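Just so it is clear, none of the values below were taken in a lab; they were calculated from the coordinates. No experiment lies behind these values; they were computed from the predicted model shown. Here the Cβ is made from the backbone with ideal geometry for all residues, glycine too, and neighbour counts use every protein chain on show.
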Amino acid sequence: MNVEGLITDLAFILLLGAGVTVLFKWIKQPVVLGYIVAGFLASPHFEYLPSVTTEANIDFWAQIGIVVLLFSLGLEFSFRKLMSAGGSAVVTALVIVTGMMGAGYAAGRLMGMNSINGLFLGGMLSMSSTTIIIKAFTDMGLRQQKFASLVLAVLIVEDLFAVVMMVILSSIAVNNSVEGADLLFSIGKLLFFLVIWFLVGVYVLPSLLNRWRRFLNSETLLVVSMGLCLGMSVFSVYCGFSMALGAFVMGSILAGTSYAERIEHVVAPVRDLFGAVFFISVGMMVQPAVLSDYWPSVLILSAVVVAGMIVFGTSGMLVTGQSLRVAMQSGFSLTQIGEFAFIIATLGMSLGVLEPSLYPIVVAVSVITTFTTPYFIKMATPAYEAVERRLPPRLDFLIRRYRSDAAREQATPGVWARMLRRYAPGTVAYAIVLIAILTVCRSYLLPFLAGLLPGWGPTLTAVATLCCMAPFLFALAVPVRCPEGIDAGSARVPVIVLSIFRAVLALGMAAYAVSISFSSRAMVALVAVVVLVVVFVLSRRLRARLDRMETKFRDNLNERELRRSGANNTVVNDLHQAFMTVGAGCDFVGERLMDSDLRRRFGVNVVSIQRDQRVIPIPNGRTRIFPGDVLGIIGNDEQLRAVLPAIEAEREPDAGVKAADVRLTSVILGADSPLLGKTPRSAALRDSYDAVVVAVHRGDDFIDSDPDLVFAEGDIVWLVGDRTKVLTLGVRARM
């Protein structure tokens, strides 16, 4: 690698990107579009400026950008949040992928492509770009809105679907049919590794970070978090998946820890830097020659992507019971294709089944739809208002009725549903851990011991495998119990069925482990002996150990929630210490602690305030409270539950409100100015005009801001505030 050329290319695209994005900010256009334009200007296709020396250099930096962007997404989108939006996300992603596959195939056939090219084209058009949407939501301040979290969940599920889709397309391309065994293996492998990563990560990482708490300043936390991110990315590739998936999984694991906000803060500059390089690399793929030669195909496919994503994305959200507004906002946000389109196209090229001209066409479609994405996101609300005005009353009734019915069904689950919700996750987790132990022992331990001790290797492997599996076999074999809140009589059948199923599963796993080196008769006898020993000799000790492991896992999984509620942080008697983040909608933001009256209203005490990296222990009453502060609060359970929504309240964004244009402005007070005869104090400029006086130019003198100065005609007043409101006070001064 030419290091000098690598640095030269990076310097060139960053300087060019900085200039173009400043221009785009000045003309009030999305920053991501500026990066794409900068990429085109830096590419060899634009001959009026120097271009990068080696495009592979930019690809190198861009891959890092994808990894860091997906890691940052995972930090804001924990497994709990994914599971809460799971049903809606899976159904919507399924509707989008199925619908867009059909639309892409039909478009390809109409354009004269054969069946294989049509299928690959459908696959390329069915995957929206996670990185593009993340950047657009961030630039537009939409990350905290409800539809944004649903869209991100859909994108994650789409990425998982893409792994399965590539297996299907490869099988069709090679064999002209779908190999069921390969498909099931790919799905099982994906689920297996996701669960293993999740279980190990949640069990180990939060405890490890808490143990290192006193060493984790900003520098160390950045190194640790990026090391974990890149390490999981490499391991993901080793397991046969993408780097982006591994980065997202690690971010999601860390999102459940109490360090998530700090990690997000220290990683943000790295994300912004390499994310910019990624979007510039997208712009470098624009080829004017392709646009001129294949512009009808590019326009047709761009229209298919935009229209199809809006229709299928909105329909998928409506089917899952989301409101029409949320559904349309989601559909309009998905109107682009991205990274997986290039991956699928590369797969088709490597298999020799894809027409060479299709790849640059798809790249052009990706760039065009990326460029238009921010505008379609902005169009969602006006489009919703137009549809709402014309929506037939009967259809509106059906949408509302479906939503209420769905909520009612979810609110009253049956006994079987509640039992499965309680025990199915644990059963699946233990089973996958046992499969992992079997796989590792059979693939690595058996060859090692067989080579070291040829006669005893298989036997020792079976014994070691059973020893490792014993705690988890016991956890499966223990009969399930009726959870609190469920009638024991009505739960009798589910309890018996689930207990038998888990016991048979445990017995089967143990039998398979023993079958490594023993005959079937000896295998059954040995398994029976092992089960008896475990049940009668080690049951109490194992049960206690497993209970501690499960408690630790649940505490780690819910660490952020427990930290907010103080449930696991007892101070004395029934008092707990919780840590709550002040939201922008908190009604005492900006006030002094004594004015918030938290003790009288809620009965709690504020014992610490963390502001960025600084901690204020035992703050006095004059300390002001700002958004983002983490308050350490002591109170009982009821008091903490009551104060939590008041402190963490968020201000609902109003899509129809335009951002204020705050700047320093000078106005000349005329005879009709509402300020004449008033002072800055009596004019209530802060409340009425969202402005503050900086100085007054009267004659040849500049008078600093004086709350008792009386405004006179001809004064030139300098104010900081919303320019639109400030200009109602007088005529703009030309200085």
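Some observations on this one:
- Where only C-alpha atoms are counted, convex hull volume of region 3-385 per residue in Å³: 144 Å³
- Out of every Cα-Cα pair that region 564-647 contains, those further apart than 16 angstrom amount to 46 percent.
- Applying the Karplus relation 6.51 cos²θ - 1.76 cosθ + 1.60 with θ = phi - 60° to region 474-479 yields 3J(HN,Hα) values of 5, 4, 6, 6, 5, x Hz, where x marks Gly and Pro.
- Cβ-Cβ FRET estimate between Asp293 and Glu47, R0 fixed at 22 Å, reported to 0.05: 0.80
- Measuring r between the beta carbons of Val223 and Arg611 and using R0 = 25 Å, the FRET efficiency lands at 0.60.
- For region 348-387 and region 193-268, distance of Cα centres in Å: 32 Å
- Dividing the C-alpha radius of gyration of region 662-732 by 2.2 N^0.38 Å, with N its residue count, gives 0.95.
- Segments 359-372, 577-590 sorted - mean Cβ within 10 Å per residue, highest first: 359-372, 577-590
- Packing-based ranking of 325-337, 100-112 yields 325-337, 100-112, ordered from highest to lowest mean Cβ neighbour count within 10 Å.
- Highest average first, the peptides 710-720, 302-312 ordered by how many other beta carbon atoms sit within 10 Å of their residues are 302-312, 710-720.
- A viscosity of 1.002 mPa s and a temperature of 20 °C, combined with the Kirkwood radius over Cα pairs in Stokes-Einstein, give a translational diffusion coefficient for region 182-291 of 135 µm²/s.
- For Lys678, the residues 5 or more places off, or on other chains, whose built amide H falls under 5 Å of its own are Phe711.
- Between Val731 and Val311, full extension at 0.36 nm per residue minus the direct alpha carbon distance yields a gain of 146.3 nm.
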